[in-house]
1. Quick one: if the Förster radius is 35 Å, what FRET efficiency do residue 362 and residue 88 give, using the C-beta to C-beta distance and rounding to 0.05?
2. Listing 286, 23 from the residue with the fewest other Cβ atoms within 10 Å to the one with the most, what is the order?
3. Report, as a whole number in µm² per second, the diffusion coefficient that Stokes-Einstein gives for region 80-176 at 25 °C and 0.890 mPa s using the Kirkwood radius over alpha carbon pairs.
4. Can you bin every Cα-Cα distance in the chain into 20 Å intervals starting at zero and give me the percent of pairs per bin, rounded to whole numbers?
5. Any chance you could check the Cα centroid distance between region 117-166 and region 313-331 for me, in angstrom?
6. Arranged from highest to lowest average of other beta-carbon atoms within 10 Å per residue, in what order do the peptides 96-108, 305-317 appear?
7. If we count other beta carbons within 10 Å of each Cβ, what is the order of 190, 172, fewest first?
8. Give the calculated FRET efficiency between residue 278 and residue 222 to the nearest 0.05, with a Förster radius of 51 Å applied to their Cβ-Cβ distance.
């Protein structure tokens, strides 16, 4: 088939709503800075979509995490428990604030933080748990919150990869005191570059507004006196215009991701040695990426050999994250990388992303799965 000769990207944005209309309006009216009206509309629309009261738009997902951390008062001397298997931004946001990330291994099926291993990492210096809803699958928030309550800890949700996903009928963004999202180009909802902090806490919301804009008081005239050190993390009206158009079609994009994940499960069925992320019955799993782990003994090929074969057929893939305990930057920062992380190590060494765009066609998925099936030794 002709399309099989074309590159299938690992992920590309789907912009088939009002994006061009809204961006054109922003440009023609001259409102291209963070003061434009689309910023507030996007913040309110996305927060409402999540089932939360407030949204604070920022320039990317990492700054959303950092803004949440600073607004919560986490800083030097504080420890925060995070999953070992996650994007480095989860840890870096804590490092920016001077806090210390403490790592916990992953669950073998969902690949999220393993709640059974959290309490062994809690010390008198622990102040929070940062729970990552990995690849669109919310982690077990009931267990995480119960542990936090027992120890008087704050729960922060990193939902950079889980727009529209649900845990026990509640969307990410409404599962913790504060949640951070990313709107990078490959996310379920995108602004190209962008992020948002979502919360029900009015005081926290106002602190996020304050720190986001170099600590100008949100509701007072600017006298250019700064009482605290803040950040220029503002979101432009251009990016927010794209975001608003994306929120308008959020349910459609989520259905596409769920549908495509189901097609992968269907067409990979019966191939020994390949495993997709589990989906528990407590969640609505809205995959950001269709992650797959390759068992080289059962499949007969290594993960890297399979990635090379797919590349020869113009199919892009990506490696999984490298565990935080193996990150040179975090070890130099002072994080404790000792101990065993067998699940995280196995995922890093054998995991890969398959193409995952919302607009992926079934014939493309069939083609990808056929190559995987035929390459098995």
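No lab work stands behind these numbers, since they all come straight from the coordinates. This one's a predicted model, so the numbers in the text were calculated from it and none came from an experiment. Neighbour counts are summed over all protein chains in view; Cβ atoms, including those assigned to glycine, are modelled from backbone coordinates with ideal geometry.
1. Computed FRET efficiency for residue 362 and residue 88 comes out at 0.55.
2. Working: 286 27, 23 20.
Neighbour counts put them in this order, fewest first: 23, 286.
3. Working: Rh = 13.2 Å.
So the translational diffusion coefficient is about 185 µm²/s.
4. 29, 57, 14, 0
5. Going from one Cα centre to the other spans 22 Å.
6. On the way: 96-108: 21.8, 305-317: 16.4.
For the peptides 96-108, 305-317, the packing ranking is 96-108, 305-317.
7. Numbers: 190 25, 172 31.
Sorted ascending by nearby Cβ count, the order is 190, 172.
8. On the way: r = 51 Å, r/R0 = 1.00.
Between residue 278 and residue 222 the formula returns 0.50.
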